[in-house]
1. What ranking do 61-69, 42-50 get when scored by the average of other Cβ atoms within 10 Å per residue, highest first?
2. Once phi is turned into θ = phi - 60°, what whole-Hz ³J(HN,Hα) does the Karplus curve with 6.51, -1.76 and 1.60 give for every residue of the range 63-71, x standing for Gly and Pro?
3. Computing the accessible area with a 1.4 Å probe over protein heavy atoms, can you report the carbon and sulfur percentage for the range 1-104?
4. Restricting attention to the range 23-80, which chymotrypsin sites (Phe, Trp or Tyr not before Pro) occupy a DSSP loop and are surrounded by at most 15 other Cβ atoms within 10 Å?
5. Compute the Kirkwood hydrodynamic radius of the range 1-112, taking the inverse of the mean of 1/r over all pairs of distinct Cα atoms, and give it in Å to one decimal.
6. Each residue of the range 15-32 in turn: what ³J(HN,Hα) in whole Hz from Karplus with 6.51, -1.76, 1.60 and θ = phi - 60°, glycine and Pro shown as x?
Amino acid sequence: MIPRKPYLLRAMVEWAEDNALTPLIAVDATMAGVQVPAGYVEDGRITLNIGFSALNQRQISNELVSGHARFGGRSEYLEVPLSAISALVVRETGEGMVFPEEEVPPPDGPAPDDGAPPDDDSRPPRGRPKLKLVK
């Protein structure tokens, strides 16, 4: 399955911008693939404004957030894998969400058979479905 995080992130950013609010993301700058100005990272973390007016050529794909932002008057290219984003918060209200750690989907194909019989709870019920009238 496709992770929920990119969809939730895009929806929260759109909601914030529709309400003229500022979406900020909390980023773990120590993770692989994070490209941010090192001089602005504190304790391995950085908070970024990803509002449309702050992040030029902004792209929020299913894998990463990217674009150009100004730091100290200089334009810097940012690239943040979604796995490095732990939360989105609206600056003006403090509203937002912490993103849960999502499990990496298993590779395509059948699961390996370990020889154990399936759990009884995992099997679908057999026979004809039954409906009960509730008044």
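The values are calculated or read from the model by the stated rules, or taken from the named source; none is laboratory data. Owing to the predicted nature of the structure, the values given are computational and were not obtained by experimental measurement. Here the Cβ positions follow ideal geometry from the backbone for every residue, glycine too, while neighbour counts run over all protein chains shown. All accessible areas refer to the heavy atoms of the entire protein, side chains included, with ligands and DNA or RNA removed. Shrake-Rupley method; radii C 1.70, N 1.55, O 1.52, S 1.80 Å.
1. Sorting 61-69, 42-50 by mean packing, highest first, produces 61-69, 42-50.
2. Whole-Hz 3J(HN,Hα) from phi for the range 63-71: 10, 7, 10, 9, x, 10, 10, 9, 10.
3. Exposed carbon and sulfur together represent 52 percent of the surface.
4. Phe52
5. Taking the inverse mean of 1/r over all distinct Cα pairs, the range 1-112 comes out at 14.8 Å.
6. These are the phi-based 3J(HN,Hα) values: 4, 4, 5, 5, 9, 6, 10, 9, x, 10, 10, 9, 10, 8, 6, 8, 6, 4 Hz.
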